[in-house]
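S.K.: Take this structure first; my questions come after.
The values are calculated or read from the model by the stated rules, or taken from the named source; none is laboratory data. The model shown is predicted, which means the values in this text are computed figures rather than measured ones. Cβ coordinates were reconstructed from backbone atoms using ideal geometry, including for glycine residues, and neighbour counts include every protein chain displayed.
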Amino acid sequence: MEISPLQKARYEYSPKLPGMLRNGIADICVKEGEETASVADQDKIKALFPNTYGKKEITFEKGQNTSVAKKQVVGVILSGGQAPGGHNVICGLYDALKATDKSNVLLGFKGGPSGLIDDDYVEFDDKFIDAYRNTGGFDIIGSGRTKLETEEQFAIVEQVAKKHGLTAVVIIGGDDSNTNAAVLAEYMAAHNTGVQVIGCPKTIDGDLKNEDIEASFGFDTATKTYSELIGNIERDANSAKKYWHFIKVMGRSASHVALECALETQPNICLIGEEVKAKKMSLAQITNYIADAVEKRGNAGNNFGVAIIPEGIVEFVPEFSKLIAEINELLAGKKTEEFNALPDWNAKYNFIKAGLTAESFAVFDILPQGIQQQLFLERDPHGNVQVSLIESEKLFSEMVKNELAKRKAAGTYKGKFGAQHHFFGYEGRCAFPSNFDADYCYSLGYNAFMLIQYGYTGYLSKVSNISKPADQWVAGGMPITKMMNMERRNGEDKPVIRKALVELDGKPFKYFEAHRDTWAVETCFTYPGAIQYYGPAEVCDLTTRTLALEKG
């Protein structure tokens, strides 16, 4: 297989480990901290996880290794959406495992959690691993979204583990996947299987973080990739001076990606879903907010600009959430068939008008017809509107266009408005990891093996102090139950890892808030350019603006 020069060079990059992990495995000891409690619903979480709840946080330090030597056979899976650096978690895990004992074995289960159920695996060796070092994607073993949550599934996994003599399973995933890791760890402990379960924090959305997990891996690379593209578009807009670019970026449940890209590129507009929800902003208010910037710039002769829209924005708009809930009720059961049988959009429109409350219909009626129809297209398996399919970048550009037409008629708006639309999602999920993500992920994998070696289970591999140079990073582990609370899912109370939303009193948002009025009217674009793999550390090992602001 032919490889690119960059691919070849990345294979040869040596990831930086936290200073303490560089000492060699024989010189790593454990320091135990305080016992932990879940972030909420302590009694309920404790009752569900009697064998793994309340364990101590741990930190690895320089000192005599006191772990019990035994042959380790470890299984690893990639779970959920791709994130740059996943391959390096596996490489770090493999290298630590082999550095401890050459006879240790690492099995990669294919296609995500289903690989564990189907017993579909590959045994890694040096040649196999070396072809994936510091590369993007999850193609080393593939990924999947099967959830491990039933007793039947756990029993099958237990049998597969017994067949291979597995001593541990490492699950590399986001909040749902690591919730599964905690539940699997509890099952394995309750049944005295001797199989440990360790999680690694992954998601480009940036919403798997807290006081312990400073960042999920992949966020750094993905936001740098999107910011490069947004910067390119800003430069094009400033050159052509004739389009407003509406750019949707990934982040369904939180707006971390949008905020980071705004901090990197200083666009004219960036919507933050958490602020929209907190201020109970209506679609009309959001439209007017964008239109005000377009009008001021247009009246000054600047008929161009850039607006960043988070993927899940409409779910943060209270009136839109109410509309969605009513549509879901309207089309419940057999009513979907009745609706689909109507002869044309006019008949469907009247059916909708009759079925919604006056408030929700007023919201529905201001939407462009294309968006109205999107709301009644594909449903999810539960019969609900698939909000992620709504092209919110087109929704807002169309609503702004209509608002500007009114302002033009009133004589207040003198400019011209033309829109271009973009959605940046898949472009950032499998990029070659930045040096930061290559280092961070390798450290997470190496550290995961240290947790296994010392007998921990139900823990998340944790590397902190990551806004500093890698030699100052601190490795350790935290019980996954510490991050959990109870949430309503499909009509049932379930234990889940709490998603981290953008904090409106946090330093990253406060910095953005202090500058956005200037960015809205003036052309303050910044052009971050491509991810730098070679050169001075201040360019190549740059952390995200979010992390830099959070950690001062």
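S.K.: Could you list, in sequence order, the residues of the range 318-331 that are out of contact with any Asp or Glu (no Cβ under 8 Å at 6 or more places or on another chain), surrounded by fewer than 23 Cβ atoms within 10 Å (Cβ to Cβ) and either of a type in the set (Phe, Trp, Tyr) or over 15 Å from ILE352 (Cα atoms) (or both)?
M.R.: Of everything in the range 318-331, just one residue is out of contact with any Asp or Glu (no Cβ under 8 Å at 6 or more places or on another chain), surrounded by fewer than 23 Cβ atoms within 10 Å (Cβ to Cβ) and either of a type in the set (Phe, Trp, Tyr) or over 15 Å from ILE352 (Cα atoms) (or both), namely PRO318.
S.K.: For LYS408, indicate whether it is outside any helix (DSSP H, G or I) and over 20 Å from the mean Cα position of the chain (by Cα).
M.R.: It is false that LYS408 is outside any helix (DSSP H, G or I) and over 20 Å from the mean Cα position of the chain (by Cα).
S.K.: Only one of GLU275, GLU260 is closer than 17 Å to LEU504 by Cα and under 17 Å from the mean Cα position of the chain (by Cα). Can you tell me which?
M.R.: One residue alone meets the criteria, GLU260.
S.K.: Restricting to the range 505-543, count the residues that are assigned to a loop (DSSP other than H, G, I, E, B) and more than 24 Å from GLY305 (Cβ to Cβ). Spell out how you get there, then give the answer.
M.R.: To start, the set of residues in the range 505-543 that are assigned to a loop (DSSP other than H, G, I, E, B) comprises 505-506, 522-536, 541-543.
Then keep just the ones that are more than 24 Å from GLY305 (Cβ to Cβ); that gives 505-506, 531-536, 541-543.
Number satisfying all stated conditions: 11.
S.K.: Within the range 160-170, is there a residue that is surrounded by fewer than 19 Cβ atoms within 10 Å (Cβ to Cβ) and free of Cβ contacts under 8 Å to residues at least 40 places away in the same chain? Write out each step before concluding.
M.R.: Start the filter on the range 160-170 by keeping residues that are surrounded by fewer than 19 Cβ atoms within 10 Å (Cβ to Cβ), which leaves 162-165.
This time we only want the ones that are free of Cβ contacts under 8 Å to residues at least 40 places away in the same chain, so: 162.
Yes, the range 160-170 has at least one match.
S.K.: Additional query: When residues of the range 260-284 are filtered for being farther than 18 Å from ALA548 by Cβ and either of a type in the set (Ser, Thr, Tyr) or in a helix (DSSP H, G or I) (or both), how many remain?
M.R.: Selection size over the range 260-284: 9.
S.K.: Going by the conditions given, is PHE217 among the aromatic types (Phe, Trp, Tyr), under 30 Å from SER434 (Cα atoms) and within 22 Å of the chain's Cα centre (by Cα)?
M.R.: So PHE217 passes the test.
Okay, residues lined up against (1) at pLDDT below 95; (2) out of contact with any Pro (no Cβ under 9 Å at 6 or more places or on another chain); (3) not acidic (Asp, Glu):
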| site | (1), (2), (3) |
| --- | --- |
| VAL195 | no, yes, yes |
| GLU211 | yes, yes, no |
| GLY218 | no, no, yes |
| THR223 | no, yes, yes |
| ARG235 | no, yes, yes |
| HIS245 | no, no, yes |
| LYS248 | no, no, yes |
| GLY251 | yes, no, yes |
| ALA262 | no, yes, yes |
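S.K.: When you scan the range 493-502, do you find a residue that is over 21 Å from the mean Cα position of the chain (by Cα) and of a type outside the set (Lys, Arg), even just one?
M.R.: First, the residues of the range 493-502 that are over 21 Å from the mean Cα position of the chain (by Cα): 493.
Now narrow it down to the ones that are of a type outside the set (Lys, Arg): 493.
Yes - at least one qualifying residue is present in the range 493-502.
S.K.: Something else now. So which of PHE246, PHE219 ends up being more than 18 Å from ASN302 (Cβ to Cβ), aromatic (Phe, Trp, Tyr) and surrounded by 24 or more Cβ atoms within 10 Å (Cβ to Cβ)? First the steps, then the outcome.
M.R.: Details: PHE246 fails: more than 18 Å from ASN302 (Cβ to Cβ).
Testing whether each residue is more than 18 Å from ASN302 (Cβ to Cβ), aromatic (Phe, Trp, Tyr) and surrounded by 24 or more Cβ atoms within 10 Å (Cβ to Cβ) leaves just PHE219.
S.K.: Given the conditions (1) more than 30 Å from HIS422 (Cβ to Cβ); (2) buried (at least 16 other Cβ atoms within 10 Å of the Cβ), which single one is not true for ASN350?
M.R.: Here ASN350 clears every test but (2).
S.K.: While we're here: Taking the range 308-340, which residues are aliphatic (A, V, I, L, M) and free of Cβ contacts under 8 Å to residues at least 60 places away in the same chain?
M.R.: Once the filter is applied, which keeps residues that are aliphatic (A, V, I, L, M) and free of Cβ contacts under 8 Å to residues at least 60 places away in the same chain, the range 308-340 yields VAL317, LEU323, ALA325, ILE327, LEU330, LEU331, ALA332.
S.K.: What residue, of GLN369, GLN386, is surrounded by fewer than 16 Cβ atoms within 10 Å (Cβ to Cβ) and touching a strand residue (DSSP E or B) at 6+ places or on another chain (Cβ under 9 Å)?
M.R.: None of the other options fit; the residue is GLN386.
S.K.: Does ASN134 satisfy being at pLDDT 95 or above and of a type in the set (S, T, N, Q)?
M.R.: Yes, satisfied.
S.K.: Within the range 114-136, track down each residue that is without any contact (Cβ under 8 Å) to a residue 24 or more places away in the chain and closer than 27 Å to ILE531 by Cα.
M.R.: Scanning the range 114-136 gives a single hit, PHE128.
S.K.: Quick one: is PHE361 touching a residue at least 12 places away in the same chain (Cβ under 8 Å), surrounded by fewer than 19 Cβ atoms within 10 Å (Cβ to Cβ) and in a helix (DSSP H, G or I)?
M.R.: The answer is no for PHE361.
S.K.: Related question: Name the residue that is nearest to the chain's Cα centre (by Cα), counting only residues in the range 511-552 that are of a type in the set (Gly, Ala, Ser), surrounded by fewer than 17 Cβ atoms within 10 Å (Cβ to Cβ) and farther than 27 Å from LEU6 by Cβ.
M.R.: GLY552
S.K.: List the helices (runs of 4 or more DSSP H) that sit entirely inside the range 101-203 and contain at least 3 residues that are among the aliphatic types (A, V, I, L, M).
M.R.: The qualifying helices (runs of 4 or more DSSP H) are 151-164, 175-190.
S.K.: Let me ask something additional. Kindly check whether there is at least one residue in the range 79-95 that is part of a loop (DSSP other than H, G, I, E, B) and of a type in the set (S, T, N, Q). First the steps, then the outcome.
M.R.: Filtering the range 79-95 down to residues part of a loop (DSSP other than H, G, I, E, B) leaves 79-85.
Add one more test, that the residue is of a type in the set (S, T, N, Q), and what stays is 79, 82.
Scanning the range 79-95 turns up at least one residue that is part of a loop (DSSP other than H, G, I, E, B) and of a type in the set (S, T, N, Q).
S.K.: Restricting to the range 12-50, and then to whatever is part of a helix (DSSP H, G or I) and at pLDDT below 95, can you tell me which residue is surrounded by the most Cβ atoms within 10 Å (Cβ to Cβ)?
M.R.: Residues of the range 12-50 part of a helix (DSSP H, G or I): 19-23, 25-27, 42-48.
After this cut, where a residue has to be at pLDDT below 95 as well, the list is 19-23, 25-27.
Details: GLY19: 15, MET20: 22, LEU21: 25, ARG22: 14, ASN23: 16, ILE25: 17, ALA26: 9, ASP27: 14.
Step by step, filter the range 12-50, then rank; the result is LEU21.
S.K.: From TRP519, TRP473, grab the single residue that is assigned by TED's automatic domain parsing to the domain that holds CYS29 and of a type in the set (Phe, Trp, Tyr).
M.R.: Criteria check complete, one pass: TRP473.
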